[in-house]
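Working notes, structure below.
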Amino acid sequence: MKKALGLLVVLAILGSFSTTFAASVDDEKGHVNIFIGQKALDNDEWEPMDSHTEVGIDGDMQLGSLPFNLSYGILASSDEATGSLFGAPVTLKGKTTELRLGARKYMDTQTEAFDWFVGGGLSNTTATVSINGLSATDSALGFFIELGAKYQVSNNVYLGSKIDYSIAEVDGLESGGLHYGLVLGYTFN
């Protein structure tokens, strides 16, 4: 996980060399995104359910003359594994949900169709672990940072990718992790 956090920092620094900061990108007022990807959880605590499929919806909006957009979102991930315990079959299920509120900053590049963004904020992370249908659920407050890029494919539609890292400890179980995947989005002007 420390390597992933280091990768985020390096990408942010490298990306900033070819960008100029602006309060908004081409007068965009907001974005809404569908996210499809993976969440990598701490394998010491979540194995064999440490690689979750993840989907989410997020967005952001510009408020007045703030130099960043207010961001919001929800991400849901899950994984399942089977095994045996004392010779009896066991089904393990893990699920996390993150409700997020934060800030997102877009950076113009030399190309009109391509933009970077960075962000971060608070997350309310809920984790559920089930063994043969018996489950335990709890939630905790955490944090996230993100880095992404988007490429405009038509007037208001874009494709992109995003990588982020979240930290949240739910009842002693590290339930944040590395999130990475593809984004399909719409821009509001």
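The values are calculated or read from the model by the stated rules, or taken from the named source; none is laboratory data. Quantities reported herein were computed from a predicted structural model and do not represent experimental measurements. Cβ: placed from backbone, ideal geometry, glycine included. Neighbour counts: every protein chain shown.
Things to note:
- Positions within the stretch 29-87 being aromatic (Phe, Trp, Tyr) and free of Cβ contacts under 8 Å to residues at least 12 places away in the same chain, in sequence order: Phe86
- Checked against the criteria, Leu141 counts as loosely packed, with under 12 Cβ neighbours inside 10 Å, in a strand (DSSP E or B) and in contact with a Ser or Thr (Cβ under 8 Å, 6 or more places away or on another chain).
- Filter result for Thr91 (part of a strand (DSSP E or B), at pLDDT below 95 and surrounded by fewer than 22 Cβ atoms within 10 Å (Cβ to Cβ)): yes
- For the stretch 144-163, a residue qualifies if it is over 10 Å from the mean Cα position of the chain (by Cα), surrounded by 18 or more Cβ atoms within 10 Å (Cβ to Cβ) and not small (Gly, Ala, Ser), and the qualifying residues are Lys150, Gln152, Tyr158.
- Among residues of the stretch 164-179 that are surrounded by fewer than 21 Cβ atoms within 10 Å (Cβ to Cβ), those with a Cβ under 6 angstrom from a residue that is among the aliphatic types (A, V, I, L, M) and not in a strand (DSSP E or B), sequence gap 6+ or separate chain, pair up as Leu178/Ala4.
- For the stretch 94-111, filtering for residues that are in contact with an Asp or Glu (Cβ under 7 Å, 6 or more places away or on another chain) and either more than 22 Å from Lys162 (Cα to Cα) or loosely packed, with under 15 Cβ neighbours inside 10 Å (or both) leaves 1.
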